[in-house]
Amino acid sequence: MTPFSEEKILELDRRHVWHPYASMVDPPPVLPVAAAGGVRLRLADGRDLIDGMSSWWAAIHGYNHPVLNAAIMEQTAAMAHVMFGGLTHRPAVALAGLLAEITPAGLETVFFCDSGSVSVEVAIKMALQYWIALGKAQKNRLLTIRGGYHGDTFGAMAVCDPVTGMHGMFRSHLTPHFFADRPACRFEGLWAESDLESFRQLIAGNYDEIAAVILEPILQGAGGMWAYHPDYLRGVRRLCDQYGVLLILDEIATGFGRTGRLFAAEHADIRPDILCLGKALTGGYMSLAATLSTRRVSETISTAGPGVFMHGPTFMANPLACAVALASVELLLASDWQGRIRHIEAQLTRELAACRDLPQVADVRTLGAVGVVELHRPVNMRQITRRFVERGVWLRPFGRLVYIMPPYIISPEDLTRLTTAMVQTIAEEEVAAA
Ligand SMILES: *Cc1c(COP(=O)(O)O)cnc(C)c1O
């Protein structure tokens, strides 16, 4: 590859490249990354940043991991890709078998797809096809909770929070669904049965139209970084059973240990009918997602109507992605991930506590390897990012939320550098008018 100067990269980037949720008229500043290893991003200008984002929940083992590199190299030498219609391969079946084994009991069918959003589309289609197969096509709407985020494609957008979900302008193109209030009881707070009331009323009043409930178990991610009480989730499962509604859990962000359990559903000891996985599935190496379902769902879909599930992406079960995912999950299971997450959680709780005393701060919360500082007012993104970079860390807040979810391999010293930078930088933010 021809080496590019940093100026050349930035110039081409500004001219031709659209970044996530970004303007092409007033493009946000971007930093060229030349390499990454462990928990460090090496910038093109030679500076190192300690990563507090895991590249959006994904790089749980850090970057440039020798075991994951080897898995990809080995698979590349055999084959990078073959179509999945009429063909199969060891990486896909080994990964499917492992996922069926480690996810909550009953999820035995694995549908591979390209990204988290697509796995949500697939989950919604499964739920719709399930009821069509049972002769109840009128059960074609979804029930979810406010504060959720499920992706950027149309089916997924329709179940994102209608206000904070970033998709309000597309409303006229989105299927109207049912939205219950966001659970108010905190993960570690007291449980009040009244927290379920809004959900209970919606499901009781509309179950004959509802195909499925979809939500992020325990920890809502991009819709507000909010952790709620496990009894809420238990109540949701109970009401879904009572009213004959499928339960889809979106564990795209929470899966693979992030909340302290391998899957967040385990905090409530419940099992979904359909489960979405993505993000950390490949340890952050490439895009891959999976939608798992119970035999009841897969066999019902397969025995009525067209008798097949109507979906099939071109790059379904890409062998490189499956091989690195298999290596990543095996690496995770072979590590003391519970111990690591416990230590990260304790350290985040201890070191972010300093934020509670700042007048800028409304709330501080931690769960597993996630720490969230909620401010009274939205941050100035450009300014706060510049200050983090000056302090040698990579953090990417949004709105009023400054949050951290480091790779599980981070050392206590590096984690302290991240939390110190968070506390110092937040202290410099403007204080909300009283
Ligand atoms: C990121 C995310 C998605 C969307 O995944 P993409 O890979 O970005 O399409 C869906 N649901 C949740 C909970 C997520 O965090």
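The values are calculated or read from the model by the stated rules, or taken from the named source; none is laboratory data. Please read these numbers as outputs of a predicted model, since none were measured by experiment. Here Cβ is always computed from backbone atoms with ideal geometry, including for glycine, and neighbour counts include all displayed protein chains. Remember, those area values only see protein heavy atoms, side chains included, never the ligands or the DNA or RNA. Shrake-Rupley method; radii C 1.70, N 1.55, O 1.52, S 1.80 Å.
Leaving ligands, DNA and RNA out of it, rank Leu348, Leu320 by accessible area with a 1.4 Å probe, largest first.
Leu320, Leu348
Starting from the Cα of Asp26, move 7 Å in the Cα-to-Cβ direction to define the label point; list residues of the stretch 373-414 whose amide nitrogen is under 12 Å from there.
Output list for this probe position: 381-382.
With each pseudo-label sitting 7 Å past Cα toward Cβ, what's the Phe170-Thr349 distance in nm, one decimal?
Between Phe170 and Thr349, the label points sit 3.8 nm apart.
Specify which residue in the list Leu418, Gly147, Asn64 is farthest towards the positive end of the charge dipole of the chain, using unit charges on the beta carbon of Lys, Arg (+1) and Asp, Glu (-1), about the Cα centre.
Checked the options; the winner is Gly147.
Cα convex hull of the stretch 77-205: mean projected area in nm², to one decimal? List each step's numbers first, then the result.
Working: hull surface 48.2 nm².
Directional mean of the projected Cα hull area for the stretch 77-205 stands at 12.1 nm².
What spacing in nm lies between the two simple spin-label points modelled at Glu6 and Trp56, each 7 Å away from Cα in the Cβ direction?
Placing both labels 7 Å beyond Cα along the Cβ direction yields 2.6 nm.
Among Ala327, Ile248, Thr300, whose Cα projects farthest towards the positive end of the dipole of the chain, with charges put on the beta-carbon of Lys, Arg (+1) and Asp, Glu (-1)?
Of the candidates, Thr300 comes out farthest on the positive side.
Please identify the longest segment of the chain free of exposed GluC sites (Glu not before Pro), where exposed means a DSSP state other than H, G, I, E or B and no more than 16 other Cβ atoms within 10 Å. Numbers along the way, then the final one.
On the way: sites that count: Glu188, Glu430.
Between exposed loop sites, the widest span is 189-429.
Of all the Cα-Cα pairs you can form in the chain, what percent are over 38 Å apart? Mind showing how you got there, number by number?
Numbers: 20482 of 93961 pairs.
For the chain, the share of Cα pairs beyond 38 Å comes to 22 percent.
Given charges of +1 on the Cβ of Lys and Arg and -1 on the Cβ of Asp and Glu, with all other atoms neutral, how large is the dipole of the stretch 389-434 about its Cα centre, in debye to the nearest 20?
Numbers: 4 positive and 6 negative charges, 32 e Å.
My answer is approximately 160 debye.
Straight distance only, please: which lysines reach the Cα of Lys139 with their own Cα at less than 23 Å, same-chain residues fewer than 8 apart left out?
By straight Cα distance, Lys139 reaches Lys125.
Placing unit charges on C-beta atoms (Lys and Arg positive, Asp and Glu negative, everything else neutral), compute the dipole magnitude of the stretch 68-334 about its Cα centre in debye, rounded to 20.
300 debye
Just to be sure I understand the model, the point goes 7 Å from the Cα along the line to the Cβ. What's the resulting Asp208 to Met83 distance in nm?
4.5 nm
So what is the accessible area of the chain per residue, in Å², with the probe set to 1.4 Å?
Per residue, the chain has an accessible area of 44 Å².
When the helix-only estimate is applied to the chain (DSSP H runs of n ≥ 4, each -39,500 (n - 2.57), divided by the residue count), what is the mean residue ellipticity at 222 nm, nearest 500 deg cm²/dmol?
Rounded to the nearest 500, it is -11000 deg cm²/dmol.
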